[in-house]
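Here's the structure we're looking at; comments come further down.
The values are calculated or read from the model by the stated rules, or taken from the named source; none is laboratory data. Remember, predicted model here, so these are calculated numbers, not experimental data. Please note: Cβ atoms are built from the backbone with ideal geometry, for glycine as well, and neighbour counts cover all protein chains shown. For accessibility, only protein heavy atoms count, side chains too; no ligands or nucleic acids. Shrake-Rupley method; radii C 1.70, N 1.55, O 1.52, S 1.80 Å.
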Amino acid sequence: MNFIRGVMGGQQAGQQPSGAETIQKLCDRVASSTLLEDRRDAVRALKSLSKTYRTEVGTQAMDHLINILQTDRSDSEILGYALDTIYNIICNDEEEEQDESEDAVMQIPLSGKHKNVPAPDEAGQKQADDLGAQFTDKFVEDPEHVTLLLTLLEEFDFHVRWPGVKLLTALLKNQGAQVQGIILVSPMGVSRLMDLLADSREVIRNDGLLLLQQLTKSNAAIQKIVAFENAFERLLDIITEEGSSDGGIVVEDCLLLLLNLLKNNSSNQNFFKEGSYIQRMKPWFEVGDDNSGWSAQKVTNLHLMLQLVRVMVSPVNSPGATASCQKSMYQCGLLQQLCTILMATGVPADILTETINTVSEVIRGSQVNQDYFASVNAPSNPPRPAIVVLLMSMVNERQPFVLRCAVLYCFQCFLYKNQKGQGEIVATLLPSTIDANSISAGQLLCGGLFSADSLSNWCAAVALAHALQDNLTQKEQLLRVQLATSLGKPPVSLLQQCTNILSQGSKVQTRVGLLMLLCTWISNCPIAVTHFLHNQENVPFLTAQISENLGEDERLVQGLCALLLGICIYYNDNSLENYTKEKLKQLIEKRIGKENFVEKLGFITKHELYSRAAQKPQPVFPSPEQMLFDHEFTKLVKELEGVITKAVHKSSEEEKEEEEVKKTLEQHDNIVTQYKELIREQDAQIQELKEQVATMSAQNEQMQTTMTQQLSQIQQHKDQYNILKLKLGKENQPNSQGDSTQVNGLQTEEVTQLREELEELRKQYTLLQTQLSDKDTLINSLRSETSQTAEGSAAESDNTELLKELEALRSQVQSQSAEINQMRTEREELLRRAEASSSDAAPSSDGSLDAAKMAELESRLAAQTAETERLKAEGKSSSDSRVELEQQLASTTSTVAILQTEKAKLQTEVQESKKEQDDLLMLLADQDQKIHSLKQKLKDLGETVDDEDDLDTRDQTDDDYEEEDEDED
């Protein structure tokens, strides 16, 4: 500051220096001064001069200011001055910021040409924009300058951070793509800018929002990075803190940034949906009952919020993403909230229009949402469906044009891919469903179709055409509609009334709407074509319209008439003799000419409004007069133009050949379809059989394993029995006295215990017999099942395997039977020995006691023998059953499902048999152990041990002696 005053004061007597000279001296001072304070004063002076002498400061001081940013990083004040100066040079805004108080005291003399600066006009503003772009190019020439600016934004000091944010925003406005590229490749560049949203100082946070708006324009890569830096969470928090729709300009900035992030960015839209952020949008649309006095800011905010909803469900998005968002909006209640605004009173017209458009796209193509919208009623007395209330606005010529377009779009979206809704609308026109006491959608459409307002005619015709779109059933149903034109005259059909209005020469907009309705109605519907041709006046009217040479406006009507006549040819079933395909083509050739007909037909697609309507589904027109084409109708024209042209040029012979070829192809397609279905069925059967074979193979392996285990257990039982037999054979001595001594040595408790064990063995054998009878029953059921099944080649291999398994089972049962017979023989031998020993032991001195013991042992032996007989009988019956089952299975093949059931049952039987054999083994082991203990006790008493059969015989003999003694007494 002292330097400036010195410069100014030293030249007061002479000529005052120019602005360029002053700036040059200040730049020299910045470059050469060693004192930080002097450089700071010089930069502050440059900041003051930068608005008035923008060109000079930018040309001479730019490099020095950038150097200050690099070298004087420690002083935040000089950094702030330098950033403000560069911002003033680059910024193109017309409004100038007020100088700070310390700068306002400076009075710098200006040359005459700079004293009075006129308000910039358009040329001046363009020049300023060009100047800002030039200085921006100079600044971003070196990408390091932008990187340096990003580094300075990390400074928390307000005087550095705020000017840095404004400067970077100005750079993005002037050279957005270039600066975006630099920030994108800069490490943590986007993250540093996202930190601005967390700044506690609102001015920096708000300017940070403006910076991010410029940063995310038309750059999908940066949009994705910003979104994954948790931008959605922060922005929605700010909107909530600021009061949602009642908030100020900050809410608007947040919504604009959200629109930048989501529009045409499927990745961010998916992230927004999966993050459950759609649910957080619902509170935005909670509008109270008192809707009077909406502020302009609230209208703007709510308008942007509705646009944000539309971005998520826009028809240009992928169908899957749109359907997912529509589902989420219904589930969280957002659609219900929008319908509440739709039916509320006091809502501004532009908000109501945008809400209608938003609801339209939320329900478009979603059956659940369309059904809900059909159930919405307006809060009137009596309640009326929302669709009826909206249609009343559409056919009312006093309503605003944009509102009527929005209602039409809503009706179109409600019927889009909604055959149920189409049927409900057409049903309101049928005679059996008309209610004279209420206004229906069909009545409103008919009223609008035949009103004096051409726009109502067009809207009603297009709406009715959407009720017939791709729905043959409703096209045929609409032929039943009869209209009462006037009193005393018979009713006429709706189709005939449309042609009558066409022939009356009404306005172009009305005729275009009716022709679009007729073309949509009779296309792909031969019955409707027949009804149309049945009126003798329709074809002459169409040929007369096409053949005339009319003005530019009428050429569009001629093209649509040609399209309608072409549809009558293409979809004609030749049921009317006077208007067959061939006769209609001859009529065109004689009255119009084929080339002229095709030329008139091609004029439709060449029309400017046709191209505009084909771009997007929503009807957007600058004025009502330009509302001529519907989006869905443009698709129909594109589809039919080529086929109609070919149909007109084809001869009758070519048509016959084509029909024959078509029939042949249809027959071929039918045959191919039948074979495909047969192959699919066979593939399914083969796959099922493979799965069942695999399952049965696994079961076979399990059964083989089980059989192996059973064989090993049977061998163990055999070995144990042989050992027991050898022991009994060695110990069997004909010593009656010793036997008597052994029996005398037995204690009463032990004998009782042996009896109890024998009783348990009997019970177990009884249980085994019951189980064997159950097996017999199971085998009989298997016989009955197998006898009822048919032969099948697919199960032969499985039957063979089963036969092998049954053969193995049979051999095992036979071996068991042989073993049981052997055991029986041995038992009989032991019994004979016992009888011989009992006869020798009769004279024994202790005869009475020995006879009782021997009787008991003999009864035990008899029980064991009976049990052995039972086992033999059971084995024999099992063997016989197995043989019979083998014979029956050899002569039949069961289905795969029955075989699987048999496998499961057999597996269960094997497991039960295993358990039974385990129980028998345990019982035999216990018996052997007890016999061994008894023998050991007898040996301890010094007696010779005989087998159990001998003991049982002696017990029986003792009992007989006791009875004889009692008789003698």
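Couple of notes before you dig in:
- Kirkwood estimate for segment 260-417, i.e. one over the average of 1/r between Cα atoms, Å: 16.0 Å
- Sum of side-chain charges, Val309 neighbourhood, beta-carbon under 15 Å (Lys, Arg +1; Asp, Glu -1): +4
- Of interest is the spacing of the C-alpha centroids, which for segment 438-474 and segment 302-318 amounts to 28 Å.
- With a Förster radius of 56 Å applied to the C-beta separation of His932 and Glu688, the computed FRET efficiency comes to 0.45.
- Here is the list for segment 480-562: GluC sites (Glu not before Pro) lying in DSSP coil, each with at most 12 other C-beta atoms within 10 angstrom of its C-beta, are Glu537, Glu548.
- Computed with a 1.4 Å probe over protein heavy atoms only, the accessible surface of segment 215-305 comes to 43 Å² per residue.
- One decimal place: the segment Phe541-Asn67 gains 162.3 nm when fully extended, by the rule 0.36 nm per residue minus the C-alpha distance.
- Between segment 563-603 and segment 362-413, the Cα center-to-center distance that results, in Å: 39 Å
- Annotation for Ala198 and Phe621: the two label points, set 7 Å from Cα along the Cα-Cβ direction, are 5.4 nm apart.
- The residues neighbouring Arg161, those whose beta-carbon lies less than 12 Å from its own, together hold a net charge of -2 under the Lys/Arg +1, Asp/Glu -1 convention.
- Summing charges over neighbours of Ala614, with a neighbour being any other residue whose Cβ is under 9 Å away from its Cβ, gives +4 when K and R count +1 and D and E count -1.
- Segment 223-269: radius of gyration and largest Cα-Cα distance (Dmax), Å: 10.8, 30
- Probing with 1.4 Å while keeping every protein chain in the model, the per residue accessible area of segment 371-430 equals 43 Å².
- Cα coordinate range in segment 132-183, projected on the principal axes (Å, largest first): 29, 18, 15
- Set Lys635/Lys662; Lys725/Lys930; Lys616/Lys646; Lys727/Lys937 screened for pairs whose C-alpha atoms are more than 18 Å apart: Lys635/Lys662; Lys616/Lys646
- Just the protein heavy atoms count here, and of the accessible area of segment 425-554 at 1.4 Å, carbon and sulfur take up 53 percent.
- Carbon/sulfur fraction of accessible area - segment 127-233, other protein chains in place, 1.4 Å, %: 53 percent
- Multiplying the residue separation of Glu552 and Leu576 by 0.36 nm and subtracting their alpha-carbon distance yields 5.1 nm.
- Relative packing of peptides 605-611, 160-166 - highest average C-beta neighbours within 10 Å first: 160-166, 605-611
- Rolling a 1.4 angstrom probe over the protein heavy atoms with all chains in place gives segment 590-642 an accessible area of 53 Å² per residue.
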